[in-house]
């Protein structure tokens, strides 16, 4: 591409695709990853709901998903994704793989967020006769609010990075634009612009995330 | 409420090895008393106190609180029972992100305490522990003593019959310790709550414990009324604890001979000390010089120690010793000096 005016419509479309993929994926990452993270935490905690076998199976599944190189994950779950969204390409289709990759990542981050809560505090809550549900909702989550906010930020940024690969299934997005135009076609302008755009997006996400995290703590 | 531990023991599996944290122990704590457990760290007292609210499951034996065997309760029943057994901790264990008010509210939520009356209840509790004006302060901004007061308010929120104190003053300075102990004493007297204190500090035991058990290596070595246990200690560790408060030591350069000895006596009443000493000066042809003397109050009962050096003829020293042994309320202490 020779000029910015030619690039703009393509870039704009790619931006929308990125936003769409990230939004869908972070939604499911939190929706599924948060309960999974809680489950991972309480099933290993001797005072809460320790079930060693369940914890090992869960951890094992999470690790397997996280071991997959993202491009192979996309290919591997293609039939499932096609069945799920009734489509075989596009940003929504790509979001299935992105969500699957993001869920275990976020779940693990949530699990480790709770490690900041001292065992003694949990012991005091148990001694006070609180149920596990009350401890999770009224102690663990509020105490870990800051690090969970940071975990969301980190997951969003990871999804943005993963989404560059989503081009394989026609997912589109800014990262895909950089690879297809900038890399395969030696289009330096597109390459530079898309990389700059990605840098800006990541910076904004991080900045907003930090602000929210600090506010969560100050409350 | 009375607490009865029958042949309880606790064994952990640690890396395939069996660790006996608590040997088979039976113990009964009467309703309304303050029972102390003293021991050095690793003695098993933390494990023992956690059996009372089943934070630890006993490996063998039964735990009966107010006639109910806790090991037989369902999870739900156990939770309700725990609301009637308050507990406070060395590290206070408040929920850091919550205010003082919210920390107490948490246990009221746990017991489904009527929402409309919560504010009044919390206010009442904060008045009781002397923090009436601190409700809206975030708990991480409190001093150690204030945190423990919130811990006490939280532990009392659901009107417990029992309060367990796990090294509750060990992280506090001596003055704050005194004020917290005073508060615990008042709670025991005014509310009739049975209190179990575990500690490694003699200070705590002698201030508040009606009865005491001395623990070491997973067992209770001796147990009885606090004054009796510490005026007539049987085990080395108990003697160490007594020694800790009186802090009597024979001077380094002192060499005992038949004509030159150090004698330590204890007085079981307050005023006897001075008169008695005068009597000794008058009636014995010995040089008596005082090395150390101190009266401590063990649960409001005085226990005085006096250490002196005697020089003179051996027979005269022996006569002095047998005189001491025949006097009521005064005893020679073999283990100091």
*Looking at this structure, is residue B:230 outside the structural domain of residue B:103 (by TED's automatic domain parsing) and either on the phi > 0 side of the Ramachandran plot or surrounded by 18 or more Cβ atoms within 10 Å (Cβ to Cβ) (or both)?*
no
*Looking at (1) surrounded by fewer than 19 Cβ atoms within 10 Å (Cβ to Cβ); (2) at pLDDT 80 or above, which is the only condition residue A:159 fails?*
(1)
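So that you can scan it fast, the table gives a plain yes or no per residue for (1) surrounded by fewer than 22 Cβ atoms within 10 Å (Cβ to Cβ); (2) within 17 Å of the chain's Cα centre (by Cα):
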| residue | (1), (2) |
| --- | --- |
| A:165 | no, yes |
| A:191 | yes, no |
| A:198 | yes, yes |
| A:202 | yes, yes |
_Restricting to region B:34-63, name every residue that is surrounded by 19 or more Cβ atoms within 10 Å (Cβ to Cβ) and out of contact with any helix residue (DSSP H, G or I) (no Cβ under 7 Å at 6 or more places or on another chain)._
B:35, B:43, B:44, B:45, B:46, B:47, B:48, B:49, B:50, B:51, B:52
*Taking the residues in region B:288-320 that are exposed (fewer than 12 other Cβ atoms within 10 Å of the Cβ) and in contact (Cβ under 8 Å) with a residue 12 or more places away in the chain as candidates, determine which candidate is farthest from the chain's Cα centre (by Cα).*
B:289
*Take the residues in region B:162-177 that are away from chain A (no Cβ under 13 Å) and crowded, with 17+ Cβ neighbours inside 10 Å, then tell me which one is nearest to the chain's Cα centre (by Cα).*
B:169
*asked:* Among the residues of region B:131-152, what is the count of those that are within 12 Å of chain A (Cβ to nearest Cβ) and out of contact with any strand residue (DSSP E or B) (no Cβ under 8 Å at 6 or more places or on another chain)?
replied: 3
*asked:* Going by what's in this entry, would residue A:9 be described as surrounded by fewer than 17 Cβ atoms within 10 Å (Cβ to Cβ) and part of a helix (DSSP H, G or I)?
replied: yes
*asked:* Name the residue that is nearest to residue B:149 (Cα to Cα), counting only residues in region B:69-94 that are surrounded by 14 or more Cβ atoms within 10 Å (Cβ to Cβ) and more than 9 Å from every other protein chain (Cβ to nearest Cβ).
replied: B:70
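Yes/no per residue for (1) surrounded by fewer than 19 Cβ atoms within 10 Å (Cβ to Cβ); (2) within 14 Å of chain B (Cβ to nearest Cβ); (3) within 24 Å of residue A:68 (Cα to Cα):
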site	(1), (2), (3)
A:88	yes, no, yes
A:94	no, no, yes
A:114	no, yes, no
A:117	no, yes, no
A:137	yes, yes, no
_Residue count, region B:245-272 (criterion: in contact with a helix residue (DSSP H, G or I) (Cβ under 7 Å, 6 or more places away or on another chain) and loosely packed, with under 11 Cβ neighbours inside 10 Å)_ = 1
*region A:133-163, residues that are under 16 Å from the mean Cα position of the chain (by Cα) and within 25 Å of residue B:100 (Cα to Cα)*: A:147, A:148, A:149
_Lone qualifier among A:139, A:103, A:110 - being touching a helix residue (DSSP H, G or I) at 6+ places or on another chain (Cβ under 7 Å), free of Cβ contacts under 8 Å to residues at least 40 places away in the same chain and closer than 25 Å to residue A:59 by Cα_ = A:139
*Can you spot a residue in region A:161-181 that is free of Cβ contacts under 8 Å to residues at least 12 places away in the same chain and either within 28 Å of residue A:141 (Cα to Cα) or in contact with a helix residue (DSSP H, G or I) (Cβ under 8 Å, 6 or more places away or on another chain) (or both)?*
no
_Top-ranked residue of region B:95-112 - restricted to ones that are under 30 Å from the mean Cα position of the chain (by Cα) and either within 7 Å of another protein chain (Cβ to nearest Cβ) or within 21 Å of residue B:197 (Cβ to Cβ) (or both), ranked as modelled with the lowest pLDDT_ = B:96
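For every residue, the table says whether it meets (1) under 30 Å from residue B:83 (Cβ atoms); (2) without any contact (Cβ under 8 Å) to a residue 60 or more places away in the chain; (3) touching a helix residue (DSSP H, G or I) at 6+ places or on another chain (Cβ under 6 Å).
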site: A:151; (1), (2), (3): no, yes, yes
site: A:188; (1), (2), (3): no, yes, no
site: A:208; (1), (2), (3): no, yes, no
site: A:212; (1), (2), (3): no, no, yes
*Within region B:132-181, which residues are without any contact (Cβ under 8 Å) to a residue 24 or more places away in the chain and not in a loop (DSSP other than H, G, I, E, B)?*
B:141, B:146, B:175
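For every residue, the table says whether it meets (1) closer than 25 Å to residue A:37 by Cβ; (2) at pLDDT 85 or above.
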site	(1), (2)
A:124	yes, yes
A:142	yes, yes
A:147	yes, yes
A:179	no, no
A:198	no, yes
A:209	yes, yes
A:216	yes, no
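The values are calculated or read from the model by the stated rules, or taken from the named source; none is laboratory data. Because the structure is predicted, anything quoted here is derived from the model rather than measured. Because the Cβ atoms are built from the backbone with ideal geometry, glycine has one as well, and the counts that use them run over all protein chains shown.
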